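Asker: One structure, pasted below without further comment.
The values are calculated or read from the model by the stated rules, or taken from the named source; none is laboratory data. Values in this document were obtained by computation on a predicted structure and should not be read as measured data. When we count neighbours, we look across all protein chains shown, and the Cβ atoms used for this are built from the backbone with ideal geometry, even at glycine. Note: areas computed on protein heavy atoms with side chains; ligands, DNA, RNA excluded. Shrake-Rupley method; radii C 1.70, N 1.55, O 1.52, S 1.80 Å.
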Amino acid sequence: MEAAAKPDQGLPAPVHVAIIMDGNGRWAKARGLPRTAGHKKGAESVRRAVETARELGVSYLTLYAFSSENWKRPAGEVTDLMGLLRLYLRNEVNSLHKNGIRLRIIGDRSRLSADIVSLIEESEAKTQDNKALTLVLALSYGGRQEIVEAARAVARQVAEGRIPVDAIDEATLASNLSTADIPDPDLVIRTSGEQRISNFLLWQCAYSELVFLDVLWPDFSRADFEAAIRDYHGRDRRFGAANG
């Protein structure tokens, strides 16, 4: 894939980039290391991706950090992942804040431990006024469940007489999603060579451009990020309209 142009070459960054970070386990297995080593290495790629997004002028970066299905993984691996999450929230938030980055978390917090929820709340509050980049972490997140929760919220509004059934439209449902105040992704990147979206932002990705990279997430570099943006700029985004 051809390297992407830098901002000074006239190609603006997508407003919202979402990334399915895949391949930590395979990266570790290929090196004879435990899966935890892959997750730790993947955390370095998170830092690099956030820095790159900010430098390239991306306004929103959403990272699929832990899916609702990931709870089915072995208990030891889940414990290690939660430990890495704690470390990230404790050690990275000051750096995010210093660089003007706002942190948002979406997903089912009820399954997270109380101390992690407290760290999330503190991190979101500390960075809430930052404007350089909004970093959205999808934790304990599933796209189908998000749509179900939005449908329940709309149903409650109807039952309470706040809106009539005939007034429900796409905007109504979208306004009840966890991303209600965030634009839909322009570009979705998945690493590791897999070509599916795995229950990620199902509603929001209706017209996103999808780029699948063979690189494993721990090896995801700035050059890979730029290459995905170059690919994105080569697409004809018609949003369902016919060719001109």
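Asker: By per-residue mean of other Cβ atoms within 10 Å, what is the highest-first order of 196-206, 17-27?
Answerer: Ranked from most to least packed, the peptides come out as 17-27, 196-206.
Asker: Next question. Give a quick list of trypsin sites (Lys or Arg not before Pro) in the range 63-100 that DSSP marks as loop, anything other than H, G, I, E or B, with at most 11 other Cβ atoms within 10 Å.
Answerer: Filter output for the range 63-100: empty list.
Asker: Separate question: Quick check on the range 71-158: take the gyration tensor over C-alpha atoms, sort the square-rooted eigenvalues as a ≥ b ≥ c, and tell me if it's rounded (a/c under 1.5), prolate or oblate.
Answerer: Oblate shape, in that a/c is at least 1.5 and b/c is the bigger or equal ratio.
Asker: In the chain, once you exclude exposed GluC sites (Glu not before Pro) (DSSP loop, at most 11 other Cβ within 10 angstrom), what's the longest stretch remaining?
Answerer: Longest run free of exposed loop sites: 3-159.
Asker: Say the dipole of the chain comes from +1 at the beta carbon of Lys and Arg and -1 at that of Asp and Glu; which of 16, 173, 191 then lies farthest toward its positive end?
Answerer: 191
Asker: Okay, moving on. Which values of log₁₀ I(q)/I(0), to two decimal places, follow from the Debye formula for the chain at q = 0.07 Å⁻¹ with a uniform point scatterer at every Cα?
Answerer: -0.24
Asker: To continue, here is another question. Of the listed peptides 177-183, 161-167, 137-143, what is their order by residue-averaged count of other C-beta atoms within 10 Å, with the highest listed first?
Answerer: Output ranking for 177-183, 161-167, 137-143: 137-143, 177-183, 161-167.
Asker: Would you list, by chain and number, the lysines whose Cα falls below 25 Å from the Cα of residue 29, excluding same-chain residues fewer than 8 positions away?
Answerer: 40, 41, 72
Asker: Now for a different question. Give the shape of the range 176-238 as rounded, prolate or oblate, defined through the alpha-carbon gyration tensor: a ≥ b ≥ c are the square roots of its eigenvalues, a/c under 1.5 means rounded, and otherwise the shape is prolate if a/b is larger than b/c and oblate if not.
Answerer: Prolate, because a/c is 1.5 or more and a/b exceeds b/c.
Asker: Let me check something: with ligands and nucleic acids excluded, how do 16, 233 order by accessible area (1.4 Å probe), largest to smallest?
Answerer: Final ranking, largest accessible area leading: 233, 16.
Asker: What would the Debye equation give as log₁₀ I(q)/I(0) for the range 119-244 at q = 0.10, 0.18, 0.21, 0.23 Å⁻¹, counting only Cα atoms as equal point scatterers?
Answerer: With no solvent term, the Cα-only Debye profile gives -0.45, -1.20, -1.33, -1.37.
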